[in-house]
Amino acid sequence: MHIASHLAEGFRLRARDIPNLISIARVILVFPVIWLLLNHHYQSAMLLFFIAGISDALDGFLARQFKWQSRLGGILDPLADKFLLVSAYLCLGWLEVLPWWLVGLIVLRDVVIVAGAVAYNFRVQQLDAQPSLISKLNTGLQIFLVLLVVYGLGFSHEFSWMIPWVIWAVAVTTVLSGLDYVVNWGGKARREMQNGD
C-alpha cells in the first residue's frame with residue numbers, strides 16, 4: 001500500500017507537467033515550420049502550424065480542467081506562442097508575402113512587452129499577467145492571418161481578397177494591445193513603487 005501511494009504520487013507529479021511538456025513541444029515545432037515555409041512546403045507548414053494551435057488549446061484546457069497550472073507554465077505557454085508567431089511572420093516577411101512594416105510592428109510590440117515584463121518582474125514584484133481582451137483578439141487575428149496567407153500559398157487563392165483587411169486588423173490591434181500593456185502595467189508599476197516607498 002505504501003509503495004502504491006508513492007507510485008500514485010509520482011504519477012500525479014508527472015501528470016502536472018503535461019501542459020508544460022506540450023508547450024516545450026510547441027517550441028520545438030517552430031523549427032520544422034520555419035524550414036518548411038522557407039522551402040515552400042506550404043501545405044506541410046500549415047499542417048504543423050495547425051497542430052501547434054491545437055496543442056496551445058490542449059495545454060490550456062488540461063491546465064484549467066485538472067488544476068495543473070504552474071508559474072513555469074504561465075511563462076512557457078505565452079513564450080511558445082510568441083516564438084511560433086514571430087518566427088512565422090519573419091518567414092512570411094522574408095518570402096515577401098507579408099509587408100515588412102507589419103512584421104516590424106509585431107516584433108516591436110513583443111519586444112516592448114517582454115522587456116516591460118522582465119523589468120516589472122525584477123524591479124517591482126513577481127509578474128502574474130493575464131492577457132487582456134484586446135491582446136487575445138490580436139493573437140487570434142495574427143494566427144488567422146498566417147493561416148490565410150499560407151492557405152493561399154499552398155492550396156487556393158479563393159480567400160486572398162480577405163488578406164489586406166486582416167493585415168490592417170492585425171496592425172490596429174497590435175498597436176492597441178501594445179498601448180494597453182504599456183498604460184496598464186506602467187501605471188501599476190508606478191503605484192506599486194509608490195506604495196513601496
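Say whether the condition of being modelled with pLDDT under 90, surrounded by 12 or more Cβ atoms within 10 Å (Cβ to Cβ) and either among the charged types (D, E, K, R) or under 30 Å from residue 43 (Cβ atoms) (or both) is met by at least one residue in region 114-127. No, because not a single residue in region 114-127 is modelled with pLDDT under 90, surrounded by 12 or more Cβ atoms within 10 Å (Cβ to Cβ) and either among the charged types (D, E, K, R) or under 30 Å from residue 43 (Cβ atoms) (or both). Close contacts from region 165-185, counting a first residue that is closer than 11 Å to residue 138 by Cβ and a second that is among the basic types (Lys, Arg), with Cβ to Cβ under 6 Å and a gap of 6+ residues or different chains, come to 174/109; 178/109. The single condition among (1) without any contact (Cβ under 8 Å) to a residue 12 or more places away in the chain; (2) assigned to a helix (DSSP H, G or I); (3) among the charged types (D, E, K, R) that residue 96 does not meet is (2). Scanning region 61-81 turns up one or more residues that are in contact with a helix residue (DSSP H, G or I) (Cβ under 7 Å, 6 or more places away or on another chain), surrounded by 15 or more Cβ atoms within 10 Å (Cβ to Cβ) and within 21 Å of residue 175 (Cβ to Cβ). For residue 31, the test of being within 19 Å of residue 141 (Cα to Cα) and either free of Cβ contacts under 8 Å to residues at least 40 places away in the same chain or in a helix (DSSP H, G or I) (or both) is failed. Restricting to region 82-113, and then to whatever is closer than 14 Å to residue 131 by Cβ and over 12 Å from the mean Cα position of the chain (by Cα), can you tell me which residue is surrounded by the fewest Cβ atoms within 10 Å (Cβ to Cβ)? If we take residues in region 82-113 being closer than 14 Å to residue 131 by Cβ and over 12 Å from the mean Cα position of the chain (by Cα), then 113 is surrounded by the fewest Cβ atoms within 10 Å (Cβ to Cβ). Scoring residue 144 on the criteria (1) under 26 Å from residue 45 (Cβ atoms); (2) modelled with pLDDT under 90 leaves a single failure, condition (2). If I filter region 12-51 down to residues being buried (at least 16 other Cβ atoms within 10 Å of the Cβ) and among the basic types (Lys, Arg), which single residue comes out as farthest from residue 149 (Cα to Cα)? Ranking the qualifying residues of region 12-51, first place goes to 16.
The values are calculated or read from the model by the stated rules, or taken from the named source; none is laboratory data. All values derive from a computational prediction rather than experimental measurement. Virtual Cβ from ideal backbone geometry, glycine too; neighbours counted across all protein chains shown.
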